[in-house]
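A short worksheet on the structure shown next.
The values are calculated or read from the model by the stated rules, or taken from the named source; none is laboratory data. If you're wondering where the values come from, they're calculated on a predicted model, not measured in any experiment. Glycine gets a Cβ as well: all are built from the backbone with ideal geometry, and neighbour counts include every protein chain shown.
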């Protein structure tokens, strides 16, 4: 059987799993943006990322899911924590991490979600995802393995964006080093 | 060239502008432009004349062929066979040489108003073509003459500019197709006359004379406008000259309208052509330079009135019933002018004033000729008069150049020794004016007298023939006086007179030469073979539905031996009497000292019949005095009272408006808007806090709003 | 039997709706926006940006799954890579700001005022 191993096998189970994950995501995200403790915010963020991995698995994107764990949680959050440490953020409660004009942000966010929600519901309505998410392998008809399809696509059709992203990473690397090193003399 | 003759006036018009703008910089100060322009116009006028002759010949041919066919047909019908050629020819001659010569016209619509198309165009027929020749020729000679006469003058360039403008306006008047165009050019020549008479306006008498000329002409122009307006409405809303004449002649216009129009236009003729009673400006106009007097006040502008009558002759012929009466307004005015002007010429000491009154008198002849129905005679006299009068004026200019004065009694005398050319040409021109056979004046004056004797209704215009003969006698006498005082006797002046240069003398010879031969243009039938008889009338008299020759009562005078001999005799008697008086000293010299009536008569003549007193003190004085005082009273008390009252009310209202409205409302509004602006500024100041998150908030917020709007409304 | 159940369920309306994922993505996005606009600590702003990027990823993958196109996954990978680069550089900048001002309070960074 070549179906992805981690996907729940019935639609109902899938829905339950989805709502569970979604609740965690939303809750942790709200916590990220409202907590007064920077380190806690970072940890909540890790929670968000982990739950998102679950969502990715539902969408039959296992390679991306794993990448998410490795890169986001493994590298980016570590980097954030280092950043928090280096900027001497108090570990513990701080005076106030929220702006005076936080209501502007709130209003904007609410407005945005309203507009986007309305548009999405209006347009997509009852669109269903296919039960058995099959992703065609355009290059090699050896079945719906996500990773192989992905790699085929990256290295043939999207080769140039891939190279560009590589250059971008190099540039970011060099840039970060140049920016953050100690001033000479 | 016939179709394009309308460019002839435009050439001097262009030269006017060129001289104004560039004249001062040119080597000869603009006179070369003027001479070139008028020269070209003269050549074109000559070409036009020759083409016109061809045109007339063609028209005659066609009508002959046509009448041949008609006669042949009639014969064939009558006798059933074609007749012998001899009989045919005889019938043709009987049918007469009545053929139509269509005038050459061009027209464009200038503008439209109230359903009427106002057009400008060119009406080229016999009189127009003749005047083209005369005007351009005399203008050209005057231009050449002026380069010597006004050399070194303070306004040399402007003089030539105005000469060009005058030539252009006169040519425009000649070729006018509509009465509107006629009025425009009429006024333009008046303006040029004003400018040229007042050429030396630094001296008050000159500017006074210019003003007098212009204003007197304005008085007559009232008549012109009334006449044109009357004709416009009477002829069915048209300004077109051909049409007005045609309707006048075929009876579409009521006689009353024609009479009113004729009398109104007569006023215009009286002012422009120096007829009594509006003649007073012409002698004063001699204040201008002599070339101006020669061109404008002898040969061309003053004949504009004659020309206008000749153009609208249908109106006058019917309106004043010229063909069937023995006295009419036109003839009376002309007749009075003949005698009045001639009498005044006797008492002048200024040579130009004599010539001016002579011009007045000769213009009277032309008007009288038109009044008795002798159209060709009038225009023929216009033709010949232009030449010999211009020659006389230019001659007087030459004399004045030599003695630096125009006063005959004081500064001239015996000049024939030093100025032979001037003397000769002046003598020839005088003889032509007097009417000695076979010079030009003889033929033209004679035709007028014959016309007076033969034309018209019962009794003909005999009275006017007598007037004409008397005038001829007086002309002979006063001109002989001038010749004597100027060229004979002792030199009474103080300078050293000498003959003038070639540029002055050449025009004199040309003009006096023309004065000799011009008369042969209209030799009467009795004295010449068919091929050369009456050439002037043949070519220049209009032949068409718009000219009275279509009427049966219109007739052309025939040469009369009796009148010719009589007028010649009278002329010789005039010369003889003058000779006796001056050369021999016979006669009652000094009679004005001794005899009361003679003195009174002399004073009357010296004061020009007190017309000037009447106009300045009487009419103008009445306006200046009582009427002006009354008007002043009304102005000060009534009108000013109203105005002051209005002023006071305005002040009160203004104060109220200032206090309540301006200070109260308007200022508060302005202050308020200032506060609003400041407050708004304070508010918006907070937008630029420098805080990135705030900018971000604005960005996202605006995007959300626009997205919402997009979704909701689109 | 399980396969039969699956098939019956598949015939009905019990499957995952596309909108679920899209709305989840939208909500996460807006929470991230809120965080960007109202957090005072610069590092917290960076975290909120991460939330936004993840929301975008969810969106991409949802559509990829719906239309069976691998492009969604491809670009999700690219987004992750870019996010990593961005966080690296961003933190470097925050460090510099901290070094110069000894504080990462964004309220104090208003040199562009006026």
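Observations
- Counted residues, the stretch C:45-54 - those being closer than 18 Å to residue A:113 by Cβ and either at the interface with chain A (Cβ under 7 Å from one of its Cβ atoms) or touching a strand residue (DSSP E or B) at 6+ places or on another chain (Cβ under 9 Å) (or both): 3
Quick grid of which residues meet (1) at negative phi; (2) out of contact with any helix residue (DSSP H, G or I) (no Cβ under 7 Å at 6 or more places or on another chain); (3) touching a residue at least 40 places away in the same chain (Cβ under 8 Å):
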| position | (1), (2), (3) |
| --- | --- |
| B:494 | yes, yes, yes |
| B:498 | yes, no, yes |
| B:503 | yes, no, yes |
| B:514 | yes, no, yes |
| B:522 | yes, no, yes |
| B:525 | yes, yes, no |
| B:530 | yes, yes, no |
| B:533 | yes, no, no |
| B:541 | yes, no, yes |
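- Residue check for residue B:491: over 28 Å from residue B:341 (Cα atoms), out of contact with any strand residue (DSSP E or B) (no Cβ under 7 Å at 6 or more places or on another chain) and surrounded by fewer than 20 Cβ atoms within 10 Å (Cβ to Cβ): yes
- Criterion violated by residue C:74 - all others in (1) within 22 Å of residue A:127 (Cα to Cα); (2) without any contact (Cβ under 8 Å) to a residue 24 or more places away in the chain satisfied: (1)
- The stretch C:24-41, residues that are at the interface with chain A (Cβ under 7 Å from one of its Cβ atoms) and in a helix (DSSP H, G or I): C:24, C:26, C:27, C:28, C:30, C:31, C:33, C:34, C:35, C:37, C:38
- Single match in B:120, B:101 (criterion: under 26 Å from residue B:532 (Cβ atoms), crowded, with 16+ Cβ neighbours inside 10 Å and modelled with pLDDT of 70 or more): B:101
- The listed residues are B:614, B:683, B:712, and the only one of them that is surrounded by 10 or more Cβ atoms within 10 Å (Cβ to Cβ), more than 14 Å from chain C (Cβ to nearest Cβ), at pLDDT below 85 and in a helix (DSSP H, G or I) turns out to be B:614.
So that you can scan it fast, the table gives a plain yes or no per residue for (1) surrounded by 20 or more Cβ atoms within 10 Å (Cβ to Cβ); (2) more than 7 Å from every other protein chain (Cβ to nearest Cβ); (3) under 30 Å from residue A:157 (Cβ atoms):
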residue: C:15; (1), (2), (3): no, no, yes
residue: C:22; (1), (2), (3): yes, no, yes
residue: C:43; (1), (2), (3): yes, no, no
residue: C:56; (1), (2), (3): no, yes, yes
residue: C:73; (1), (2), (3): yes, no, yes
residue: C:87; (1), (2), (3): yes, no, yes
residue: C:90; (1), (2), (3): yes, yes, no
residue: C:96; (1), (2), (3): no, no, no
residue: C:103; (1), (2), (3): no, yes, no
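- Any hit, the stretch B:185-201, residues being over 18 Å from the mean Cα position of the chain (by Cα), more than 30 Å from residue B:277 (Cβ to Cβ) and in a helix (DSSP H, G or I): no
- Apart from one condition, residue B:126 fits all of (1) surrounded by fewer than 23 Cβ atoms within 10 Å (Cβ to Cβ); (2) modelled with pLDDT under 90; (3) under 18 Å from residue B:541 (Cα atoms); the exception is (1).
- Matching residues in the stretch A:38-57 - criterion: being at the interface with chain C (Cβ under 7 Å from one of its Cβ atoms) and under 21 Å from residue A:130 (Cβ atoms): A:55, A:56
- Residue ID - modelled with the highest pLDDT, chosen from residues in the stretch A:131-151 that are within 8 Å of another protein chain (Cβ to nearest Cβ), within 23 Å of the chain's Cα centre (by Cα) and surrounded by 16 or more Cβ atoms within 10 Å (Cβ to Cβ): A:150
- Of residues in the stretch B:12-33 being free of Cβ contacts under 8 Å to residues at least 40 places away in the same chain and assigned to a helix (DSSP H, G or I), the one nearest to residue B:45 (Cα to Cα): B:14
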